[in-house]
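For reference, the structure discussed in these notes is given below.
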Amino acid sequence: MTSYFVHFLFLWSLSVMASAEPAGCKIRITDRGLDMLKYETQKFVEEELSNISMPEMKGEDGRFQYTITDVKITELNLTHADLQFIPDVGLLFDVQNSSISLTFNRRILYWFFYDTGNINASAEGVNINTALNLIRDEEGRLKINNITCDANISKMSAKFSGTLGRVYGFLARFLTTGMRFLLNQKICPALDHAALVLVNSLLETIPVRTEVDQFIGIDYSLIDDPVVTSRSLDMHFRGMFFDLSHQNVSLVNYAVEPVIKEYDRMVYLALSEFFFDSGLFSYYTAGVFQMHIVNEKMPKDLEMLLRTTYFGLIMMLNPALVDAPLSLQLAVNSPPKTSIKTSGATVVMTAIVNVMVLPPGQPPVQLSSMTMETKFNAKVSMRGKRLSVHTDLRRFKIFSNQSALESLAGFIVIGANLHFSKGLREMVVGSSEMEQQTANSTATTSTA
């Protein structure tokens with residue numbers, strides 16, 4: 001019985017390992033990055049709380065009858081605000097010992113005296129504790145799953161103006177008690193709406209599959225929920241390119257999964273070999289890695305080299321073809337492969353090179369068919385939202401048993417510091433107009 005149970009556990013563990021999809025791309029936001037995000041979050045919260053609407057208040061105490069209208073928040077002073085990670089949950093926005101200023105109009109009836117005026121009030125000892133649970137939704141987007149909120153105002157005071165302002169000063173305790181209760185009841189619903197509706201609506205506008213150019217697209221959907229520790233938030237993305245004309249054809253990810261160990265910068269981007277290989281594979285299946293050099297596209301020095309090299313062969317085939325146009329056809333015959341090591345990144349590519357002579361009005365005549373093996377050095381850089389790969393030819397080899405030219409022959413981690421060029425409120429408002437947030441970054445790269 002025990003052996004069957006062990007066998008079952010072994011098969012189950014193998015199935016789990018097989019079903020786990022490695023990430024092609026990872027992003028880490030560190031606690032240093034939260035320092036910048038805290039300011040944007042605080043500003044967004046202040047804007048949301050300033051839009052709180054309060055209902056009309058009516059009440060009486062003995063001969064006093066009062067009505068409170070037009071409650072407006074005039075100032076929020078969230079000076080003691082903090083944003084931090086909650087391990088295995090998400091983010092915590094904590095406000096302690098802050099203040100809120102507000103105004104409202106009063107109408108008071110005492111016996112036969114009727115009085116109206118404005119009241120300036122202030123709420124002191126404002127404490128707000130908000131926890132956001134972050135998950136991956138069904139389509140692979142980041143989503144706020146739920147919000148836990150607790151708000152408390154320790155005291156509230158009011159100052160009357162108008163004809164009987166001093167006389168009614170003692171009435172302030174009735175008004176502020178009710179106002180403090182209502183304000184306490186309004187803060188958390190306002191933040192719930194801001195997070196679960198406004199921010200989630202913004203996140204839903206972010207595509208998880210999009211076109212890169214006319215040939216390929218990219219899938220950067222989350223493959224699992226964010227991983228949150230006390231120091232960072234890690235997001236694991238599929239990071240896979242695909243051919244737009246064959247979107248169901250994809251490369252299997254056998255690459256080493258990228259690992260981020262650093263915490264010094266605000267944000268880190270880690271890319272595996274699969275990220276680059278899937279892009280090269282998609283361009284290959286799209287037929288991009290083909291080139292036909294003929295007529296005005298052929299440089300004069302290349303044409304001279306080819307005519308000199310193949311002059312004897314052309315004369316043996318047909319002397320009348322000496323002045324016929326020549327063409328050079330290059331086609332990559334297998335998907336290029338990326339290799340990332342501590343010394344740097346390289347791309348290996350193999351292509352077939354055919355030299356043809358083009359008799360007018362006749363089928364092309366092949367003069368030579370060669371295999372070309374090339375190796376490129378690759379450098380990855382990032383500026384703004386654009387990831388660039390710069391390559392230079394390290395070496396190449398051309399060989400063919402019949403060619404007259406025969407004798408002529410890991411992962412990447414990017415760390416960056418960021419600044420916002422658009423506030424969270426602008427992004428939420430702009431999401432309805434399909435505007436995108438932009439971020440500028442200066443990046444350094446390392447390989448492992």
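Taking the conditions exactly as written (open to solvent by 20 Å² or more (accessible area, probe 1.4 Å), more than 16 Å from the chain's Cα centre (by Cα), at pLDDT 90 or above and at negative phi), does D224 satisfy them or not?
Numbers: open to solvent by 20 Å² or more (accessible area, probe 1.4 Å): yes; more than 16 Å from the chain's Cα centre (by Cα): no; at pLDDT 90 or above: yes; at negative phi: yes.
Spelling it out, it is not the case that D224 is open to solvent by 20 Å² or more (accessible area, probe 1.4 Å), more than 16 Å from the chain's Cα centre (by Cα), at pLDDT 90 or above and at negative phi.
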(message) Of the conditions (1) under 23 Å from D150 (Cβ atoms); (2) open to solvent by 20 Å² or more (accessible area, probe 1.4 Å); (3) of a type outside the set (S, T, Y); (4) out of contact with any Ser or Thr (no Cβ under 7 Å at 6 or more places or on another chain), V95 satisfies every one except a single condition; which number is it?
(response) (2)
(message) Looking at (1) open to solvent by less than 50 Å² (accessible area, probe 1.4 Å); (2) under 23 Å from I340 (Cα atoms); (3) part of a loop (DSSP other than H, G, I, E, B), which one does F274 not meet, given that it meets all the others?
(response) (3)
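Within segment 283-295, can one find any residue that is part of a helix (DSSP H, G or I) and at pLDDT below 90? Step through it out loud before you land on a result.
Of all residues in segment 283-295, those part of a helix (DSSP H, G or I) come to 283-285, 295.
Next, from what is left, pick out any that are at pLDDT below 90: 295.
Yes: one or more hits.
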(message) For segment 98-131, give me each residue that is polar (S, T, N, Q) and open to solvent by 50 Å² or more (accessible area, probe 1.4 Å).
(response) N105, T116, N118, N120, N129
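Here's the yes/no breakdown for (1) touching an Asp or Glu at 6+ places or on another chain (Cβ under 8 Å); (2) open to solvent by 80 Å² or more (accessible area, probe 1.4 Å); (3) at pLDDT below 95; (4) more than 23 Å from L233 (Cα to Cα):
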position	(1), (2), (3), (4)
E139	no, yes, yes, no
L142	no, no, no, no
K155	yes, yes, yes, yes
G165	no, no, yes, yes
G169	no, no, yes, yes
R173	no, yes, yes, yes
T176	no, no, yes, yes
L182	no, no, yes, yes
(request) Can you tell me which residue within segment 301-357, out of those that are within 30 Å of E273 (Cα to Cα) and not in a strand (DSSP E or B), is modelled with the lowest pLDDT? (result) S343
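The values are calculated or read from the model by the stated rules, or taken from the named source; none is laboratory data. Note that the coordinates shown come from a computational prediction; the quantities given were computed from them, not determined experimentally. Neighbour counts are summed over all protein chains in view; Cβ atoms, including those assigned to glycine, are modelled from backbone coordinates with ideal geometry. Surface areas here come from the heavy atoms of the whole protein model, side chains and all, with no ligands, DNA or RNA. Shrake-Rupley method; radii C 1.70, N 1.55, O 1.52, S 1.80 Å.
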